[in-house]
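Notes follow once the structure below has been shown.
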Amino acid sequence: MRRTACLALAVLATSACGGNLPTKEEVEDATARVGRVAASAHQVRGAFEALGLMPVYTCGEPRRAFLGHAAEGLSSRISCATATVRPVDDVTDAVVVSFPAGGCDVHGLRFTGHAVLEYRGGEDLMELNADLRGLAVDGQPLQAKVGYGTCSDETHLFAEVEGDVPGREGHTFHIHSRVGMRQGLPLIGGASLLFDGPGELTGPGGTDRLTLTSVLYEVGDYLPKEGTALLESANGHVLKLTFQPVLWRVGKVEVTVDDKDPITVPVVR
């Protein structure tokens, strides 16, 4: 049962809509925690999209030939960014992607700074490790390690992101996410991003443990299109968050606190 209408009344009387609703204090606490989850996941999305600016390696193609074409293609596709290739060693080359001081808008995100992407191997096995710590997304420094491996028996993609929770002073986050291989979705660089993984959000009240499951973003959206997050809060509650986007800057999340009836809380970017 969805309790959207009850949310506004919950501060007055949780019994007004019947059922087993959370208390006013639990609603306010859940709303604040949902906002921190959304802002943190947005940074992970930014890390994946920074990686997705580069084309995925084509197995069987010589590494340096691929990177030369990829860098040229990136510079022509995103005119405000520049990409240069530099050798690292016999089996590794790096691509340095730089954005202007005033920033560059890509897929609804503003990028500033630079990223260093190291490609190691080629043809039969390629591994990419990207250092994004020189980048900022929407003005927020991106403390992220991102990468993928392909052309072997297993294709994988990961992002380990940490830093301050945007707009929430005194709160930090650390999320280690991996991309799910849902049928029909490309590895990176497509219109959708699907990822899972554990994380932590830390603030004055302690550390919340977070688990993201099948969180699906459409490129350019602030909130996920679908997916769930399980939050084990520092104050002893378990929150299940089900994402429901409405508009670009305003969305909603259905929240279940412990075993109580679900409520719906708004999320504003």
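As a calculated quantity, the FRET efficiency between Glu200 and Val96 at R0 = 30 Å, using C-beta atoms, amounts to about 0.45.
For the pair Glu232 and Asp259 in one chain, pulling the backbone fully straight at 0.36 nm per residue adds 8.4 nm over the alpha carbon distance.
Between amide H atoms placed 1.01 Å from N, distances below 5 Å from Leu142 occur with Leu135, Ala136, Val137, all of them 5 or more places distant or on a separate chain.
Full extension of the segment from Glu25 to Cys151, taken as 0.36 nm per residue of separation minus the current Cα-Cα distance, would add 40.2 nm.
Rank-order 57-66, 210-219 by packing density, defined as the average count of other C-beta atoms within 10 Å over each peptide's residues, highest first.
Sorting 57-66, 210-219 by mean packing, highest first, produces 210-219, 57-66.
Positive contributions from Lys and Arg (+1) and negative ones from Asp and Glu (-1), summed over other residues with Cβ under 15 Å from the Cβ of Ala136, come out at -3.
Normalising by residue count, region 19-71 has a Cα convex hull of 98 Å³ per residue. Solvent exposure of region 45-165, expressed per residue, is 45 Å² of accessible area, with all protein chains present and a 1.4 angstrom probe. The phi-based Karplus calculation (6.51 cos²θ - 1.76 cosθ + 1.60; θ = phi - 60°) puts the 3J(HN,Hα) values of region 112-129 at 9, x, 8, 10, 10, 10, 9, 9, 10, x, x, 6, 9, 7, 10, 10, 10, 10 Hz, whole numbers, x for Gly and Pro.
The values are calculated or read from the model by the stated rules, or taken from the named source; none is laboratory data. Because the structure is predicted, anything quoted here is derived from the model rather than measured. As a convention, Cβ positions derive from the backbone with ideal geometry for all residues, glycine included, and neighbour counts pool all protein chains shown. In case anyone asks, the SASA skips ligands and DNA or RNA and just uses the protein heavy atoms, side chains included. Shrake-Rupley method; radii C 1.70, N 1.55, O 1.52, S 1.80 Å.
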